[in-house]
Amino acid sequence: MQQVSPKVGFVLLGCPKALVDSERILTQLRAEGYQIAPSYDDADLVIVNTCGFIEEAVRESLDAIGEALAENGKVIVTGCLGAKNNVVRKAHPRVLAVTGPHATEEVMRAVHQHLPRSHDPFTSLIPPQGVKLTPRHYAYLKIAEGCNHRCTFCIIPSMRGDLVSRPIGAVMQEAEHLVKAGVKELLVISQDTSAYGVDLKYRTGFWRGRPLKTCMTELARALGELGVWVRLHYVYPYPHVDEVVPQMAGGKLLPYLDVPFQHASQRILKLMKRPASAEDNLARIRRWREICPDITIRSTFIVGFPGETEAEFEDLLAFLEEADLDRVGCFAYSAVEGAAANALPAHVSEEVKQERRARFMRLQEKISGRRLKRKIGKILTVLVDETGADGAAARSSSDAPGIDGTVHVAPSPKVKPGEFVTVRVKRADAHDLWAEAV
Ligand code: SF4
């Protein structure tokens, strides 16, 4: 008699790091013969991978758990909010188990307990690159977990612990599997990519029988040999970041740096416990652009941090004007439970925070629009994400999936999903480009 495989539903909330955790759990589930159910009705049990970064994310995660309980009834909670076991248990005492982030083994133990696995040998035939939640042509490559910094607005270190880097040989092997499976763009992620290897004292590992030091520069160099796009995210502005920029200029790495600067006022940066000053950062940006004029710099900032004065906010606007960044995200400070910054004096009112955020974004729109306009008439290589009757949504080296802009390409037989195509830029606004295949 044929055995029926138990089915697990999966709800994913949160950032690319949570996505990679989900991929690990899904890969393990498939490896053990579980099926992934597309709806609550089809599932024998549901796993909810939560986010707990800001209050809004906590609310959204608690709502998702509530929905899964109402629709299915058997729910395991994992992810960042799961690290606050008591918050989840208080809101939803009926959940079967709660784990923190990066806890594939714990989640699997809970699954085994509440939904014993079947033993169909055929279902363990999963592809070597594992189960991917992203489209086939790009994938996130998580190189480390946790963080050694203690930024006062952030609770990630208390949830995910100190930095633990993956061995460089394992990271390279995963990257190679992904490329063999058709991935054309690798997005390197961690909490602090430039700190990769610090915890291992930059230990030497091996890939293709060759010694490689566990550090960002050597990893970037090795990834650059795979012949696909390699994009670096969450790069803390340490001086040694300068070492990867020549690789970008040489075409081995995408000329793209995602560097969270967070603020420009020296006093606020200190209150945030962020190293580096605004002047250092401006000098660094200038140097990067000298070495690699085509570099795209993305950053994120927080406005309305406790104690931020109007003058300090204006310093930030002046920095923004001078830094002339391509892509920028801006958050109004939100007090996350457990963050050290909550104890700081002189919290900024919600109204002022929102007003500052709007002013910040207005200025950045002008800057982004100005920078994108310079691309009109240029020839670019883009990677096509989707095609439809109206044309295609694609991305250039300046656009990371989900957070940056889109290159809208006019319909053409040359344009195929998951493939590179060469285009000429016709039009731009503050976020996106419009182009035609050449
Ligand atoms: S660098 Fe700061 S903001 Fe980023 S994860 Fe570490 S503590 Fe949090």
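Pairs meeting the criteria (first residue in segment 134-150 and touching a residue at least 60 places away in the same chain (Cβ under 8 Å) and open to solvent by 20 Å² or more (accessible area, probe 1.4 Å), second residue in a loop (DSSP other than H, G, I, E, B) and within 13 Å of the ligand (Cβ to nearest atom), beta carbons under 7 Å, at least 6 apart or on different chains) are H149/D192; R150/K273. Are any of the residues in segment 212-219 within 16 Å of the ligand (Cβ to nearest atom) and free of Cβ contacts under 8 Å to residues at least 12 places away in the same chain? Checked segment 212-219: no residue is within 16 Å of the ligand (Cβ to nearest atom) and free of Cβ contacts under 8 Å to residues at least 12 places away in the same chain.
The residues of segment 341-355 that are without any contact (Cβ under 8 Å) to a residue 24 or more places away in the chain and assigned to a loop (DSSP other than H, G, I, E, B) amount to a single one, S349. When every residue of segment 24-38 is checked against the conditions, at least one turns out to be open to solvent by 20 Å² or more (accessible area, probe 1.4 Å), out of contact with any Cys (no Cβ under 7 Å at 6 or more places or on another chain), of a type outside the set (V, I, T) and more than 30 Å from L163 (Cα to Cα).
Quick one: in segment 156-169, of everything that is among the β-branched types (V, I, T) and more than 6 Å from the ligand (Cβ to nearest atom), which residue is nearest to the chain's Cα centre (by Cα)? Among those that are among the β-branched types (V, I, T) and more than 6 Å from the ligand (Cβ to nearest atom), it is V164. Among the residues of segment 255-281, just one is among the aliphatic types (A, V, I, L, M), away from the ligand (no atom under 16 Å from the Cβ) and out of contact with any Asp or Glu (no Cβ under 6 Å at 6 or more places or on another chain), namely A278. Taking helices (runs of 4 or more DSSP H) as the structural unit, those lying wholly within segment 228-307 and holding at least 3 residues that are open to solvent by 30 Å² or more (accessible area, probe 1.4 Å) correspond to 266-271, 278-291. Restricted to segment 154-197, and to residues there that are among the basic types (K, R) and at pLDDT 90 or above, the residue that is surrounded by the most Cβ atoms within 10 Å (Cβ to Cβ) is R166. Looking across segment 136-155, just one residue is farther than 20 Å from V179 by Cβ, small (G, A, S) and more than 9 Å from the ligand (Cβ to nearest atom), and that is A144.
When you check V336 against the structure, is it within 30 Å of S397 (Cβ to Cβ), surrounded by 13 or more Cβ atoms within 10 Å (Cβ to Cβ) and either within 22 Å of the chain's Cα centre (by Cα) or within 16 Å of the ligand (Cβ to nearest atom) (or both), yes or no? In short, no.
Which one of these is without any contact (Cβ under 8 Å) to a residue 40 or more places away in the chain, more than 19 Å from the chain's Cα centre (by Cα) and assigned to a helix (DSSP H, G or I): D63, D41?
Of D63, D41, the one residue that is without any contact (Cβ under 8 Å) to a residue 40 or more places away in the chain, more than 19 Å from the chain's Cα centre (by Cα) and assigned to a helix (DSSP H, G or I) is D63.
Mind checking which strands (runs of 3 or more DSSP E) fall wholly inside segment 363-428 and carry at least 1 residues that are modelled with pLDDT of 95 or more, farther than 25 Å from L186 by Cβ and among the hydrophobic types (A, V, I, L, M, F, W, C)? Passing ranges, in order: 420-428.
The values are calculated or read from the model by the stated rules, or taken from the named source; none is laboratory data. Model, not experiment: these values are computed from the prediction. Here Cβ is always computed from backbone atoms with ideal geometry, including for glycine, and neighbour counts include all displayed protein chains. Surface areas here come from the heavy atoms of the whole protein model, side chains and all, with no ligands, DNA or RNA. Shrake-Rupley method; radii C 1.70, N 1.55, O 1.52, S 1.80 Å.
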